[in-house]
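Reviewing the structure listed below.
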Ligand SMILES: Nc1ncnc2c1ncn2[C@@H]1O[C@H](COP(=O)(O)OP(=O)(O)O)[C@@H](O)[C@H]1O
Ligand SMILES: [Mg+2]
């Protein structure tokens with residue numbers, strides 16, 4: 001298993017380099033000018049000099065190499081320096097945002113907690129709700145519970161978050177006035193009252209995102225459970241006199257979780273994608289919002305870095321999914 | 001064994017119906033039989049004749065819906081298994097009645113070790129702790145002839161061959177010293193040499209442990225070698241039932257006679273498939289109101305199309321469900 005993991009990690013390096021190249025070239029081809037947002041009164045030749053100051057005068061491969069160097073060498077050095085108080089980086093140039101002129105990773109580090117709170121929490125909540133729904137729906141197939149579950153996941157699948165988000169804002173913030181409609185990112189949790197407020201402002205975005213997760217994961221769970229409930233080994237377990245709870249929670253569940261765990265791991269990157277829209281709707285200034293603003297401002301280093309981090313996350317989650325598969329299913333041996 | 005001994009298992013008028021989209025399927029129609037202590041009862045019949053459904057109905061192992069065990073009595077240990085509580089039924093399953101299924105490749109849970117699956121019933125029914133159960137599990141694997149038993153307890157099912165897996169299944173079924181072992185075509189999925197080994201093992205175990213066995217097969221050749229009595233099933237009914245010598249020497253039902261003809265006479269050659277009999281067994285959409293075999297029968301006459309024959313006693317512990325009397329060569333009196 002360790003061998004396999006190391007081999008996969010090594011193999012993922014060329015994959016990631018290729019992805020980086022593709023993202024970079026796509027951004028090169030995309031229209032958009034970092035000076036586009038500048039006032040029209042600035043003369044063209046000044047703008048041109050500003051572009052050159054941003055490094056845009058260099059050929060694309062030089063800039064790509066520079067970005068790679070900064071991403072893989074300089075930034076980790078700063079990171080290590082930050083932790084251990086060393087001085088590996090020695091003042092090397094970091095990846096700088098065109099818009100804010102500050103290091104891209106500093107901005108990301110600022111925005112990440114908000115996204116993790118909302119996105120991470122929604123994923124945990126979504127999965128936690130989905131698993132029991134899937135299990136019960138399969139065990140009581142075609143029951144009222146199953147039908148209700150099917151209906152809810154249909155809604156989760158078909159209603160996009162920009163609609164459900166606005167809908168819950170209209171109902172719970174505007175009409176009922178129970179919950180704040182804008183996520184206050186400066187809010188600090190210090191005591192019980194502030195914790196309650198944090199919960200209140202998280203409920204809507206978390207639920208809107210969780211609905212999607214629940215819809216998908218519960219369907220997978222249900223299908224996988226149904227697959228396994230019909231297997232011969234289930235009959236064997238019953239013929240041994242095992243109780244229904246042992247049959248379902250020990251024998252069927254363990255087998256059913258194998259494909260579902262993969263789906264859960266692979267779903268983590270895409271939930272970040274979903275967060276881009278939800279963060280816009282609820283005005284959460286997390287990574288999603290950062291990416292949108294960077295796109296609008298043609299802030300290439302920022303867009304490049306965030307997109308690439310997502311790619312890293314996808315590759316990583318693929319690896320984790322494969323490893324978990326091997327851990328859960330004794331029939332799979334990688335070495 | 002004496003004929004008069006109290007049966008360990010006494011099944012009366014068992015009726016099982018499946019509710020399907022296309023209507024009802026009457027899979028088991030008024031099946032009655034008794035199993036005496038220590039005997040081996042063979043159950044034969046073409047595929048689809050209701051053998052498995054009958055046995056699974058006894059222990060409530062059919063998924064419901066679609067299955068509905070509508071009627072009948074299953075007397076075991078002074079209780080009707082169709083009426084007892086779920087807890088009582090679970091104590092019987094795997095405790096007093098062991099079950100071996102047809103396909104050893106899919107009947108074990110792929111994600112748990114063989115030892116774990118073997119210890120489950122021991123801990124549940126015999127109240128053993130982990131150490132005791134592990135010790136007994138090792139003994140059981142040795143009993144069914146698995147070499148290096150101690151180490152193999154930690155192996156997963158996929159690390160065993162088909163024949164070895166079936167031995168594991170037998171070990172699981174025997175774990176709690178059952179009074180009855182039901183083996184549903186335990187050798188059908190295995191290749192011929194392995195079949196012979198498993199058969200040999202079963203004979204040996206039965207002599208050693210003395211439990212009663214119900215052995216389901218569609219291979220009359222197998223039955224001839226091991227059974228004390230034989231029950232022939234067709235369309236969810238018992239059409240003939242007799243001690244093994246009597247059945248082979250003096251078959252009464254036209255279906256049994258047709259089955260016997262499909263066994264090649266050259267000794268040692270494998271029995272031909274039963275489907276050599278012309279036609280298909282019917283799927284029963286309703287309770288039978290006529291003889292289900294009449295379309296494929298060479299002695300059928302008018303009455304067979306109007307009435308379903310009851311089981312006629314023909315002496316020597318032998319009965320047959322046919323209006324035509326093979327001894328006289330003429331229809332029975334109405
Ligand atoms: N789940 C089911 N739904 C509907 N019909 C079934 C089901 N299982 C079995 N049957 C019917 O019951 C009959 C007997 O099946 P079975 O007992 O498996 O036959 P055997 O074991 O003798 O080969 C068959 O005709 C089959 O169509
Ligand atoms: Mg069968």
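Nothing in this text is a laboratory measurement; each read-out follows from the coordinates by a stated rule. What you are looking at is a predicted structure, and each value in this text was computed from that prediction instead of being measured. Glycine gets a Cβ as well: all are built from the backbone with ideal geometry, and neighbour counts include every protein chain shown.
Observations on the model:
- Helical contribution to [θ] at 222 nm, DSSP H n ≥ 4, -39,500 (n - 2.57), averaged over chain B, rounded to 500: -8500 deg cm²/dmol
- On Cα atoms only, tilt of A:60-69 relative to the major axis of chain A in degrees: 60 degrees
- For chain B, averaging the sequence separation of C-alpha pairs within contact (under 8 Å, six or more residues apart) and dividing by the residue count gives a relative contact order of 21 percent.
- Mean-square fluctuations from a GNM of chain B, with a 10 angstrom spring cutoff on Cα atoms, peak among B:220, B:140, B:61 at B:61.
- A simple spin-label model places the labels of residue B:75 and residue B:126 3.1 nm from each other, with each point 7 Å out along Cα-to-Cβ.
- Net length gained if the chain between residue A:21 and residue A:174 were fully extended (0.36 nm per residue, minus Cα distance): 50.5 nm
- Estimated FRET transfer efficiency when R0 is 51 angstrom, pair residue A:155-residue B:12 (beta carbons, to 0.05): 0.45
- Residues listed by number, the range A:163-183, amide nitrogen under 19 Å from residue A:197 label point at 7 Å toward C-beta: A:173-174, A:177-183
- Least to most buried among A:60, A:192 (fewest other Cβ within 10 Å first): A:192, A:60
- Label-point separation, residue A:249 to residue A:79 (7 Å along Cα→Cβ), nm: 4.0 nm
- Rounded to 10°, Cα long-axis angle of helix B:130-143 versus longest principal axis of chain B: 50 degrees
- The modelled label-to-label distance for the pair residue A:145/residue A:227, using points 7 Å beyond Cα in the direction of Cβ, is 2.2 nm.
- Chain A: angle of helix A:121-139 to the longest principal axis, Cα-based, in degrees nearest 10: 20 degrees
- Distance between the range A:59-110 and the range A:3-56 - C-alpha centres, whole angstrom: 14 Å
- Whole-angstrom gap from the range A:265-331 to the range B:38-91, using each part's C-alpha centre: 55 Å
- Potential lengthening of the chain between residue A:112 and residue A:13 amounts to 33.2 nm, from the contour at 0.36 nm per residue minus the alpha-carbon distance.
- Calculated FRET efficiency for the pair residue A:102/residue B:139, C-beta based, R₀ 60 Å, to 0.05: 0.25
- GNM remark for chain A: springs join alpha carbons under 10 Å apart, and the peak mean-square fluctuation among A:107, A:186, A:213 falls on A:186.
- Considering only alpha-carbon pairs that sit under 8 angstrom and 6 or more positions apart, the relative contact order computed for chain A is 26 percent.
- Backbone N within the range A:1-33 under 17 Å of label point (7 Å from residue A:334 Cα along the Cβ vector): A:1-16
- Computed from the Cβ-Cβ distance with R0 of 41 Å, the FRET efficiency linking residue B:302 to residue B:19 stands at 0.75.
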